[in-house]
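Report on the following structure.
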Amino acid sequence: MRTKKIVSEYKNTRLIRLITLLLSVICLTGSNAFALDPMGPTTSCLRHGQSEIGLEYINSTMDLELSQGKWVETFNGTFNDAGEAVSFDLKDFETSKIYATFGYGIWEGCDVYLRLGGVNTEFGDSIWETGEKFDSNTNYSVSLGSRATFYQIGELDIGRLIQLSWCNIDGDLKVPLAAYPQPDEVDIELMEVHFAVGATYVAPNGTSIYGGPFIHYVTGDLEDEFTDTSGLTSKYSWDIGETSTFGGYFGTQLYISERSYLNIEYQRTGGADAFGLSFLCRF
């Protein structure tokens, strides 16, 4: 039987090209590959009564803490044994999300938004350290948030953002061991909270630069169930947290036309990286 002990990781064309190059370098040299959600400016983007729709993509990687683990064994439906599972870090939990976004200016200086979309996730060789690999099914993800401007001085706005996102992820963890011919069934539930305070500078041509510090909090649970060749079924479960909760981010909102914008954004904490793109239309 598999061992129960688990060992615990950015006006003009030249400016646009410069930002793109900078972000490309970050992507190539970051300590991780690129699960966070896009944020955008911390300040309100919409006038009172104005609406916004768009498409957003984000690719991220973070290390997750799995703790307070438990396991239960059953044989042909009958209880066999139970115990505690060792806490460890799930390394390079890579997530890609695509969202349809809907925003509305509820009053001057404050807007709200809703994102609905799909998520794919992968990780490998962290749970059992036997060369296993997890590829999720395409699952759904939901995000809800609000931005508010509370101080303005010239072209500089200061504000705050808060958003909550949730997703449920399932899929197969393929384990290259002869005693486990069928893949593990893995189910992951994640809830993430972002809180950011930052500044937005709006250039005369409509393009803006934004960023600031943020808190990223993750909670959830992971379950892993498998059956060996003898018919013994084992179910493991852990509580999920993140290895780092404080970070910083920056981005640019590029003016395309009177009603359309392109956001490019990078986020980083001590245990996570994310790169996002958004195309937004306002009316």
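The values are calculated or read from the model by the stated rules, or taken from the named source; none is laboratory data. Just so we're clear, the structure is a prediction, and the values are computed from it rather than from any experiment. So basically every Cβ, Gly included, is an ideal-geometry build from the backbone, and we count neighbours across all protein chains shown.
Need pairs with beta-carbon distance below 8 Å; first residue acidic (Asp, Glu) and within segment 76-87, second surrounded by 10 or more Cβ atoms within 10 Å (Cβ to Cβ) and at pLDDT 90 or above; sequence gap 6+ or separate chains. From segment 76-87, the pairs are Asp81/Val72; Asp81/Glu73; Glu84/Gly69; Glu84/Lys70; Glu84/Trp71. Would it be correct to say that Thr200 is within 30 Å of Tyr255 (Cβ to Cβ), of a type in the set (Ser, Thr, Tyr) and modelled with pLDDT under 95? Against the criterion (within 30 Å of Tyr255 (Cβ to Cβ), of a type in the set (Ser, Thr, Tyr) and modelled with pLDDT under 95), Thr200 does not qualify. If you go through segment 113-133 and keep only what is touching a Gly at 6+ places or on another chain (Cβ under 7 Å) and closer than 21 Å to Leu164 by Cα, you end up with just Tyr113.
If you check Glu56 against the conditions, is it part of a strand (DSSP E or B), under 23 Å from the mean Cα position of the chain (by Cα) and either closer than 14 Å to Gly251 by Cβ or modelled with pLDDT of 50 or more (or both)? Considered against the rule, which asks whether it is part of a strand (DSSP E or B), under 23 Å from the mean Cα position of the chain (by Cα) and either closer than 14 Å to Gly251 by Cβ or modelled with pLDDT of 50 or more (or both), Glu56 comes out as yes.
Here Asp228 fulfils each of the conditions (1) closer than 30 Å to Gly77 by Cβ; (2) in contact with a strand residue (DSSP E or B) (Cβ under 6 Å, 6 or more places away or on another chain) apart from (2). With respect to the conditions (1) surrounded by 21 or more Cβ atoms within 10 Å (Cβ to Cβ); (2) closer than 15 Å to Pro38 by Cβ; (3) more than 12 Å from the chain's Cα centre (by Cα), Ser143 lacks only one, and its number is (3). Pairs only if they're at least six apart or on different chains, beta carbon under 8 angstrom, first in segment 211-236 and within 20 Å of Asp187 (Cα to Cα) and in a strand (DSSP E or B), second of a type in the set (Lys, Arg) and at pLDDT 95 or above; list them, first residue then second. Final answer for the pair search is Glu223/Lys235; Asp224/Lys235; Glu225/Lys235; Tyr236/Lys70.
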